[in-house]
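Participant: This is the structure I have questions about; it appears just below.
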Amino acid sequence: MLNQLLLNGIISGSIYALIALGFAVIYKTVRFFHFAHGIVYTAGAYFAYSLSISLGINVILSFFLASAFSAILGIAIDRCIYLPLRKNNAPPLVFLIASFGVFIFIQNLLQLIYGAQILTLRTGVIKEGHQILGAVITDIQILILAVSCWLLVMLWFVVERTKMGKAIRAVADDPIGASVAGIYSERVILYAFGIGSALAGVAGILISYETNIEPTMGMNAILKGIIASLIGGVGNVPGAMLGGFFLGIIENLGIWKIQAGWKDTISFAVLIVFLLLRPEGILGKRSSRE
């Protein structure tokens with residue numbers, strides 16, 4: 001039982017880590033809580049459903065196209081909503097309210113287009129899982145874990161080792177100094193929204209291969225992503241990854257003795273305890289500008 005709970009926690013944590021990482025990358029550059037990140041997660045699942053189920057496009061091609069559409073959606077939100085606010089030097093609270101408004105608008109739009117019924121990306125015969133150290137893991141769960149871990153490594157490489165990553169870190173540390181050094185901050189913000197939104201879309205697609213799709217699925221996802229990011233140190237990319245896995249494991253271990261319906265309560269309890277005992281995050285520091 002313990003091995004199964006740990007395995008379930010790692011799988012859940014990989015999804016939380018993807019959401020939290022996308023959120024952290026965007027937060028590092030724009031410095032506000034991009035609440036609409038959760039609806040990009042939802043839209044990714046619906047993009048994949050439309051391409052794969054409605055249009056009959058190959059599953060692999062649908063996955064990449066839906067991820068790309070998620071990135072485009074995130075960039076469109078920034079260009080259409082946040083960019084005019086930045087030009088007018090709007091305070092952070094206005095950005096937060098605008099982000100929440102975008103979330104509600106797109107959620108209602110998805111419900112208008114697809115209806116409120118539950119949809120699924122799962123097709124074919126359900127196969128028996130594989131036994132690993134007394135725990136059972138399905139092919140879909142192996143896919144979720146493999147793709148998530150690969151993307152986490154790739155994002156770490158991009159942020160820490162590439163010119164684009166250095167530009168993102170420079171804008172996060174000192175926007176004015178980065179501008180003096182010839183780094184165009186708006187281009188970096190565009191990159192951040194594209195990368196972060198693609199990660200959110202991928203997380204939505206992956207989880208939809210195992211569970212169902214519904215218009216309201218993004219609310220719980222963004223809350224878990226924010227909690228994981230706060231646990232890891234808000235704006236801290238490696239910390240967001242560790243926070244996601246930590247949250248997934250703690251949630252699943254927490255329901256060992258109590259009902260599964262308390263999982264969300266466990267998440268918020270863990271966040272409160274963690275912020276009280278270690279407010280600087282898992283890695284012992286906040287983002288560089290704080």
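Participant: Quick check: anything in the stretch 138-149 outside any helix (DSSP H, G or I), modelled with pLDDT under 85 and over 22 Å from Ala71 (Cα atoms)? Steps first, answer last, please.
Facilitator: First, pick out the residues of the stretch 138-149 that are outside any helix (DSSP H, G or I): 138.
Imposing the further condition that a residue be modelled with pLDDT under 85 reduces the set to none.
Checking the stretch 138-149: not a single residue is outside any helix (DSSP H, G or I), modelled with pLDDT under 85 and over 22 Å from Ala71 (Cα atoms).
Participant: Now for a different question. From the list Phe245, Phe157, pick out the single residue that is touching a Gly at 6+ places or on another chain (Cβ under 7 Å) and not hydroxyl-bearing (Ser, Thr, Tyr).
Facilitator: Details: Phe157 fails: touching a Gly at 6+ places or on another chain (Cβ under 7 Å).
Exactly one of Phe245, Phe157 is touching a Gly at 6+ places or on another chain (Cβ under 7 Å) and not hydroxyl-bearing (Ser, Thr, Tyr), namely Phe245.
Participant: Moving on to the next point. If I filter the stretch 39-53 for residues that are of a type outside the set (Ser, Thr, Tyr) and surrounded by fewer than 19 Cβ atoms within 10 Å (Cβ to Cβ), do I get at least one hit?
Facilitator: The first filter runs over the stretch 39-53 and keeps only residues of a type outside the set (Ser, Thr, Tyr), leaving 39-40, 43-45, 47-48, 51, 53.
Filter again for surrounded by fewer than 19 Cβ atoms within 10 Å (Cβ to Cβ), leaving 53.
There is at least one residue in the stretch 39-53 that is of a type outside the set (Ser, Thr, Tyr) and surrounded by fewer than 19 Cβ atoms within 10 Å (Cβ to Cβ).
Participant: Within the stretch 210-251, can you find the residues that are in a loop (DSSP other than H, G, I, E, B), in contact with a Leu (Cβ under 9 Å, 6 or more places away or on another chain) and surrounded by 22 or more Cβ atoms within 10 Å (Cβ to Cβ)?
Facilitator: Within the stretch 210-251, Pro215, Gly233, Asn236 qualify.
Participant: Read through the list (1) in contact with a helix residue (DSSP H, G or I) (Cβ under 8 Å, 6 or more places away or on another chain); (2) assigned to a loop (DSSP other than H, G, I, E, B), then give the number of the only condition that Gln117 fails.
Facilitator: All conditions pass for Gln117, except number (1).
Participant: I'd like the residue in the stretch 162-205 that is hydrophobic (A, V, I, L, M, F, W, C) and not in a helix (DSSP H, G or I) and, out of all such residues, is farthest from Ala221 (Cα to Cα). Before you say what the answer is, go through the steps one by one.
Facilitator: Within the stretch 162-205, the first condition is being hydrophobic (A, V, I, L, M, F, W, C), and the residues that meet it are 164, 167-168, 170-172, 176, 178, 180-181, 183, 188-190, 192-193, 195, 198-200, 202-203, 205.
Adding the requirement that they be not in a helix (DSSP H, G or I) leaves 181, 183.
Numbers: Ala181: 37, Ile183: 33 Å.
Residue satisfying both the conditions and the ranking: Ala181.
Participant: Also: Starting from the stretch 3-27, keep only residues that are closer than 10 Å to Phe245 by Cα and modelled with pLDDT of 90 or more, then list their pairs with residues that are of a type in the set (Asp, Glu) and not in a helix (DSSP H, G or I) whose Cβ atoms are within a distance under 9 Å, requiring at least 6 positions of separation or different chains.
Facilitator: Short answer, once both residue conditions are applied: Ile11/Glu210.
Participant: Additional query: Would you point out which residue out of Phe157, Phe193 is aromatic (Phe, Trp, Tyr) and modelled with pLDDT under 90?
Facilitator: Numbers: Phe193 fails: modelled with pLDDT under 90.
Matching residue, one of Phe157, Phe193: Phe157.
Participant: Let me ask something else about it. Write out, first by first residue and then by second, each pair whose Cβ atoms fall under 8 Å of each other, whose residues are 6+ apart or on separate chains, and whose first residue, in the stretch 185-207, is within 12 Å of Asp78 (Cβ to Cβ) and of a type outside the set (A, V, I, L, M) while the second is open to solvent by less than 10 Å² (accessible area, probe 1.4 Å) and not in a helix (DSSP H, G or I).
Facilitator: Gly196/His34
The values are calculated or read from the model by the stated rules, or taken from the named source; none is laboratory data. Keep in mind that this is a model prediction, so the values were computed, not measured. Methodologically, a virtual Cβ is constructed for each residue, glycine included, from the backbone with ideal geometry; neighbour enumeration extends over all protein chains shown. Areas reflect the complete protein model, heavy atoms only, side chains present, ligands, DNA and RNA absent. Shrake-Rupley method; radii C 1.70, N 1.55, O 1.52, S 1.80 Å.
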